[in-house]
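To start, the structure under review is shown below, and the notes come after it.
The values are calculated or read from the model by the stated rules, or taken from the named source; none is laboratory data. On a predicted model such as this, the values are computed, not experimentally measured, just so you know. Heads up, the Cβs are rebuilt from the backbone with ideal geometry, glycines too, and the neighbour counts pull from every protein chain shown. Areas reflect the complete protein model, heavy atoms only, side chains present, ligands, DNA and RNA absent. Shrake-Rupley method; radii C 1.70, N 1.55, O 1.52, S 1.80 Å.
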Amino acid sequence: NSIKVLSDKCVGCAACVDACPFGAIKMDGALAAIDLDQCKYCGACVKNCPANAIELQKEEQKVAINKNDYKNVWVYAEQRHGEISSVVFELLNEGRILADKLGVKLAAVLIGDNIKSKAQELINRGADKVYVYDDPAFIEFQDDPYSSVLTQLITKEKPEIILMGATNIGRSFASRVAARINTGLTADCTALDIDLETRNLQQTRPAFGGNIMATILTPKHRPQMATVRHKVFKEAKVQEGRKGEVVECKADISTLLNRTKFLGFIKDASGNVNISDADIIVSGGRGLGKPEGFKLIEELAELLGGAVGASRAAVDADWIPYSHQVGQTGRTVAPKVYVACGISGQIQHMVGMGSSDVIIAINKDASCPMMQTATYALEGDLYEIIPNIIKEIKASRC
Ligand code: FAD
């Protein structure tokens, strides 16, 4: 690749300096100057230059990887404040299945501070090997240094498949790593399998607003990368004392790029909504008719020791914050009991809760999809049915 500033055209406006996401351009007097060591040849400066004064020539990228060089399945062991996220245990379960099908090892990558002791937890859940980066520099997740060390490790070890949780961290992190190692990434997968003939990972996810399930392949590149939503797979069971290898990795921290500064951690103050981990969820939809309807939902949820969920219609109406939304553009949940009150069960809601063990629907319309799929369908006005359930629960506890 080559890039240059055409001095006869540059008007010294510095638009390219602001446009460069890599901080690779500075003004040298009235002329823009590009630092070629920092430049990633992304073309942002070219697009933003009003004087067409930057010339970029990109070489056609030749893909010449030998797929046979890549083996083993990896899971990124996301942790927050030293606690491994439960999605990791779900990924280890699925990763184990994929690794066994391919006849390779399952490894986990753990990055953090004072974290080494957590490696055995990953081995107990099925990892054969755990790569650990344990350094105070990794105390909080930051995209740049985390992406750099993972990219270095991938380039050295060449895994065939890398799985990450489709969490806020995973979504941001996986895409950066995939771009750096020039491979594909399928986000938000709901099913994974292997084509044994080609060793391609079949990455299935909802597409076109959840109306179809698309199976996506990465046939020409390795590793194959996918993020997977929380609660899509069951957690791997704990096998106490399972044996595995722990590889302690060292990173040269001073050489790691970091364009952000960690200022502090502010805990979510919007209440203790953790619908992803709840065993019982009582959800309200448009059928509540008014925001006050959620008082009834909250009362039932509290009596059952559960959390409050919502359909997007209720969230869009501003009856309840987004953190409660279940579905394609909200959270995926898989509680033991899901109570859907005044929710019709459109596909975008169903993809977020369809794998609940027991579904109880309360709805006026017996023919709506939620009532048709429910384990128990209670037909009628929720404002009559829910107070009666609450009354019965309270009476049974007296
Ligand atoms: P409705 O479909 O209007 O259903 C209301 C139900 O309440 C009806 O079945 C009705 O019979 C019943 N009802 C009315 N009054 C009463 C009463 N008094 N007692 C009992 N029952 C009553 N939706 C989500 O939920 N989550 C998502 O993540 C999501 N993502 C989306 C992403 C995209 C790209 C798109 C296009 C849509 C998405 N949606 C999502 C919206 C989705 O398509 C539906 O519009 C939404 O789920 C409908 O919410 P609802 O069931 O509460 O409302």
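Of all the strands (runs of 3 or more DSSP E) wholly in the stretch 193-242, which have at least 2 residues that are open to solvent by 50 Å² or more (accessible area, probe 1.4 Å)?
Values: elements: 200-207, 212-216, 224-228.
Answer list for the stretch 193-242: 200-207, 212-216.
Restricting the stretch 379-398 to residues that are in a loop (DSSP other than H, G, I, E, B) and under 19 Å from PHE294 (Cα atoms) leaves a set whose member that is nearest to the ligand (Cβ to nearest atom) is ASP381. Looking at the stretch 46-55 only, could you name the residues that are open to solvent by 70 Å² or more (accessible area, probe 1.4 Å) and not in a loop (DSSP other than H, G, I, E, B)? Selection gives LYS47, ASN48, GLU55.
ASP143 passes every criterion in (1) out of contact with any Asp or Glu (no Cβ under 9 Å at 6 or more places or on another chain); (2) at pLDDT 95 or above apart from (2). Of all residues in the stretch 107-117, which are under 13 Å from PHE138 (Cβ atoms) and either open to solvent by 20 Å² or more (accessible area, probe 1.4 Å) or of a type in the set (Ser, Thr, Tyr) (or both)? Across the stretch 107-117, the qualifying residues are ASP113, ASN114, LYS116.
Where helices (runs of 4 or more DSSP H) fall entirely within the stretch 283-378, those with at least 1 residues that are away from the ligand (no atom under 12 Å from the Cβ) are at 293-304, 369-373. Entry remark, the stretch 273-293: residues being surrounded by 21 or more Cβ atoms within 10 Å (Cβ to Cβ) and modelled with pLDDT of 95 or more number 8 in total.
So, PRO159, is that one surrounded by 19 or more Cβ atoms within 10 Å (Cβ to Cβ), over 16 Å from the mean Cα position of the chain (by Cα) and over 24 Å from LYS71 (Cβ atoms) or not? No, not satisfied. The C-beta contact set for the stretch 1-24 (first residue within 16 Å of ARG259 (Cα to Cα) and aromatic (Phe, Trp, Tyr), second residue at pLDDT below 95 and open to solvent by 40 Å² or more (accessible area, probe 1.4 Å), distance under 6 angstrom, 6+ apart or interchain) comprises PHE22/GLN38; PHE22/LYS40. For LEU263, the criteria (1) assigned to a strand (DSSP E or B); (2) aliphatic (A, V, I, L, M); (3) open to solvent by 90 Å² or more (accessible area, probe 1.4 Å) hold in every case but one, which is (1). Name the single residue, out of those in the stretch 25-45 being free of Cβ contacts under 8 Å to residues at least 24 places away in the same chain and in contact with a strand residue (DSSP E or B) (Cβ under 8 Å, 6 or more places away or on another chain), that is most open to solvent (accessible area, probe 1.4 Å). Selected residue: LYS26. Is it the case that some residue within the stretch 376-391 is aromatic (Phe, Trp, Tyr) and either open to solvent by less than 70 Å² (accessible area, probe 1.4 Å) or in contact (Cβ under 8 Å) with a residue 40 or more places away in the chain (or both)? Yes, there is a match, as at least one residue in the stretch 376-391 is aromatic (Phe, Trp, Tyr) and either open to solvent by less than 70 Å² (accessible area, probe 1.4 Å) or in contact (Cβ under 8 Å) with a residue 40 or more places away in the chain (or both). Within the stretch 296-330, restricting attention to residues that are in contact with a His (Cβ under 6 Å, 6 or more places away or on another chain) and not polar (S, T, N, Q), the residue that is most open to solvent (accessible area, probe 1.4 Å) is VAL308.
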